[in-house]
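Asks: Quick one: the structure is below, questions incoming.
The values are calculated or read from the model by the stated rules, or taken from the named source; none is laboratory data. On a predicted model such as this, the values are computed, not experimentally measured, just so you know. Backbone-built Cβ (ideal geometry, glycine too); neighbour counts: all protein chains shown.
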Amino acid sequence: MKALTEMNPRLRAGLGFGLGAVVLFAAAPALLTDFRLSLLAKYLCFAIVAVGIGLAWGRGGLLTLGQGVFFGLGGYAMAMHLKLADAGEGNMPDFMELYGQLDELPAWWAPFANPAFALAATVLLPMLVAFGLGSLVFRRRVRGAYFAILSQALAAAMVILLIGQQGTTGGTNGLTDIEGFFGYDLDDPVNQRMVYFIIAGVLLALLALTRQLMHSRYGELLVAVRDSEERVRFLGYNPANVKLVAYVVAAGMAGLAGALFVPAVGIISPALIGIVPSIEFVIGVAVGGRAALLGPVLGAVAVAWAKTALSERFPGTWTYLQGAMFVLVVAFLPGGLASLWGLVKRRREATVPPTPPAEQPVLVKEAAA
């Protein structure tokens, strides 16, 4: 372990990514059933959102309680394309015909029939919304609890908007029964595994990108803005622009996660993007450790797995157990699960008695002749 900690940081990061690739691409498919592997794909989508929150909150101090909005924008953009592909050229999606509120496809739905446009929209649309909101908020120096409340209000407004447009968004049901993914049948377990591998690869790629940002000049500047915004402004930088970049990048990651969530689960609905899911994203980051690179990933997967496991065993009380887990981690392990090894290491070093200094040989000067 000592040799690992003293290793070159780049080499240690490379070994970490290699180990992650082995776990995700070899161990998990070999050990898990198709059902459990599909659940893991869902958890990894949440982990992608958590990586962006770790950058914005852990490094930039931006408590983003509205990431469900960007997750939903990416998810709905992908689902709209897949529903149009399932319906066939010139036809409306099945839910529009079921509700009977429309005679033809809405004009703003039509561009999503193009796969290139839909793929670009899954990332660019959330980033554009984040850019517009962040430009207004950060330039007015809104921060702290006010920013958190504002982002949470955005999530609530998004849910109300989607529910109110039943004829074009599916209302409370959302967009369901998605059968294909760019020509591949999602009912085929082989194709489901392909979706899982895509999600795992995207997660590793975004982790590498985030690590590069954290260790770059921009990453140092982002931490400086978090710790002392006025001092950074005095040095000639605009803190609003620094925070805006982190917020927009986190939104793009959330949108991409929402787009990948749709083929993994086959549904996107307002219940998956509201206030409660947005808070659960933040809980996962807090449990894992927002200051570390892998902390948000571990926390998001752990919280999502605990939610599934507890709801299976304790259907009526699992929410209390999930809340207790969050309280215990925050109270006794503020740095999250990622700080556990550092805590054990410090305690081990504290129990080791200090090494006494070696005795120095006494040099006796010979008397001069």
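Asks: Looking at (1) within 23 Å of ILE279 (Cβ to Cβ); (2) in contact (Cβ under 8 Å) with a residue 60 or more places away in the chain, find the lone condition where GLY170 falls short.
Replies: (1)
Asks: To continue, here is another question. Taking ASP177 as meeting all but one of (1) out of contact with any His (no Cβ under 6 Å at 6 or more places or on another chain); (2) buried (at least 19 other Cβ atoms within 10 Å of the Cβ), write down the number of the exception.
Replies: So the condition that ASP177 fails would be (2).
Asks: Across the range 309-348, which residue is surrounded by the most Cβ atoms within 10 Å (Cβ to Cβ) among those that are of a type in the set (Lys, Arg) and closer than 28 Å to PHE17 by Cβ?
Replies: Pass one, the range 309-348, residues of a type in the set (Lys, Arg): 313, 345-348.
Now restrict to residues that are closer than 28 Å to PHE17 by Cβ: 345-346, 348.
Numbers: LYS345: 13, ARG346: 11, ARG348: 10.
Per the stated criteria, the residue is LYS345.
Asks: Does ASP187 satisfy the condition of being touching a residue at least 40 places away in the same chain (Cβ under 8 Å) and assigned to a loop (DSSP other than H, G, I, E, B)? Spell out how you get there, then give the answer.
Replies: Details: touching a residue at least 40 places away in the same chain (Cβ under 8 Å): no; assigned to a loop (DSSP other than H, G, I, E, B): yes.
No: the conditions fail for ASP187.
Asks: So, in the range 188-203, of the ones that are buried (at least 17 other Cβ atoms within 10 Å of the Cβ) and of a type in the set (A, V, I, L, M), which residue ends up farthest from VAL23 (Cα to Cα)?
Replies: Within the range 188-203, the match that is farthest from VAL23 (Cα to Cα) is VAL195.
Asks: Same structure again: Please indicate, with yes or no, whether at least one residue in the range 282-289 is within 20 Å of LEU213 (Cα to Cα), aliphatic (A, V, I, L, M) and in contact (Cβ under 8 Å) with a residue 24 or more places away in the chain.
Replies: yes
Asks: What are the pairs, 6+ residues apart or on separate chains, where a residue within the range 319-332 that is more than 16 Å from VAL282 (Cα to Cα) and assigned to a helix (DSSP H, G or I) has its Cβ under 6 Å from a residue that is at pLDDT 80 or above and of a type outside the set (Ser, Thr, Tyr)?
Replies: Cβ pairs passing all conditions: LEU321/LEU310.
Asks: Look at ALA306 and say whether it is touching a Gly at 6+ places or on another chain (Cβ under 6 Å), over 14 Å from LEU333 (Cβ atoms), modelled with pLDDT of 85 or more and surrounded by 15 or more Cβ atoms within 10 Å (Cβ to Cβ). Before the answer, list the steps.
Replies: Numbers: touching a Gly at 6+ places or on another chain (Cβ under 6 Å): no; over 14 Å from LEU333 (Cβ atoms): yes; modelled with pLDDT of 85 or more: yes; surrounded by 15 or more Cβ atoms within 10 Å (Cβ to Cβ): yes.
No; evaluated as a whole, the condition is false for this residue.
Asks: Enumerate the pairs (first residue in the range 135-162 and of a type in the set (S, T, N, Q); second residue anywhere and not in a helix (DSSP H, G or I)) with beta-carbon separation below 6 Å, excluding pairs fewer than 6 apart on the same chain, so at least 6 apart or on different chains.
Replies: Between residues of the range 135-162 that are of a type in the set (S, T, N, Q) and residues that are not in a helix (DSSP H, G or I), the close pairs are SER151/THR64; SER151/LEU65; SER151/GLY66; GLN152/LEU65; GLN152/GLY66.
Asks: Now for a separate question. Based on what the data block shows, is ILE275 in contact with a Leu (Cβ under 6 Å, 6 or more places away or on another chain), of a type in the set (Val, Ile, Thr) and touching a residue at least 40 places away in the same chain (Cβ under 8 Å)? Walk me through it before giving the result.
Replies: Details: in contact with a Leu (Cβ under 6 Å, 6 or more places away or on another chain): no; of a type in the set (Val, Ile, Thr): yes; touching a residue at least 40 places away in the same chain (Cβ under 8 Å): yes.
Here the answer is no, as ILE275 does not meet what is asked.
Asks: Right, here's the next one. Tally up the residues in the range 169-184 that are part of a loop (DSSP other than H, G, I, E, B) and among the aromatic types (Phe, Trp, Tyr), please. Break it down stepwise before answering.
Replies: Step one: list which residues in the range 169-184 are part of a loop (DSSP other than H, G, I, E, B), which gives 170, 174, 176-179, 182-183.
After this cut, where a residue has to be among the aromatic types (Phe, Trp, Tyr) as well, the list is 182.
Residues meeting the conditions: 1.
Asks: Ok, one more. Check the range 284-300 and report whether any residue there is part of a loop (DSSP other than H, G, I, E, B), farther than 30 Å from PHE131 by Cβ and either of a type in the set (Gly, Ala, Ser) or under 19 Å from the mean Cα position of the chain (by Cα) (or both).
Replies: Step one: of the range 284-300, the residues part of a loop (DSSP other than H, G, I, E, B) are 289-294.
Checking the rest, the ones that are also farther than 30 Å from PHE131 by Cβ come to none.
Scanning the range 284-300 turns up no residue that is part of a loop (DSSP other than H, G, I, E, B), farther than 30 Å from PHE131 by Cβ and either of a type in the set (Gly, Ala, Ser) or under 19 Å from the mean Cα position of the chain (by Cα) (or both).
Asks: Which condition number in (1) more than 17 Å from the chain's Cα centre (by Cα); (2) over 25 Å from GLY14 (Cα atoms); (3) of a type outside the set (Phe, Trp, Tyr); (4) part of a helix (DSSP H, G or I) is the one that PRO315 fails?
Replies: Failing condition for PRO315: (4).
Asks: Is it fair to say ALA155 is farther than 17 Å from TRP108 by Cβ, aliphatic (A, V, I, L, M), modelled with pLDDT under 90 and buried (at least 20 other Cβ atoms within 10 Å of the Cβ)? First the steps, then the outcome.
Replies: Values: farther than 17 Å from TRP108 by Cβ: yes; aliphatic (A, V, I, L, M): yes; modelled with pLDDT under 90: yes; buried (at least 20 other Cβ atoms within 10 Å of the Cβ): yes.
Yes; evaluated as a whole, the condition is true for this residue.
Asks: Looking at GLY274, GLY323, GLY258, which one is of a type outside the set (A, V, I, L, M) and within 21 Å of LEU40 (Cβ to Cβ)? I'd like the intermediate steps shown before the answer.
Replies: Working: GLY274 fails: within 21 Å of LEU40 (Cβ to Cβ); GLY323 fails: within 21 Å of LEU40 (Cβ to Cβ).
The match here is GLY258.
Asks: Only one of these conditions is not met by GLN67: (1) closer than 28 Å to THR172 by Cα; (2) touching a Pro at 6+ places or on another chain (Cβ under 8 Å). Which number is it?
Replies: (2)
Asks: Cβ-Cβ distance below 9 Å, separation of 6 or more or different chains: which pairs start in the range 226-251 with a residue that is within 28 Å of ALA50 (Cβ to Cβ) and end on one that is hydroxyl-bearing (Ser, Thr, Tyr) and assigned to a helix (DSSP H, G or I)?
Replies: Note: pairs meeting the criteria are ALA240/SER135; VAL242/TYR218; LEU244/SER135; VAL245/TYR218; ALA246/TYR218; VAL249/THR210.
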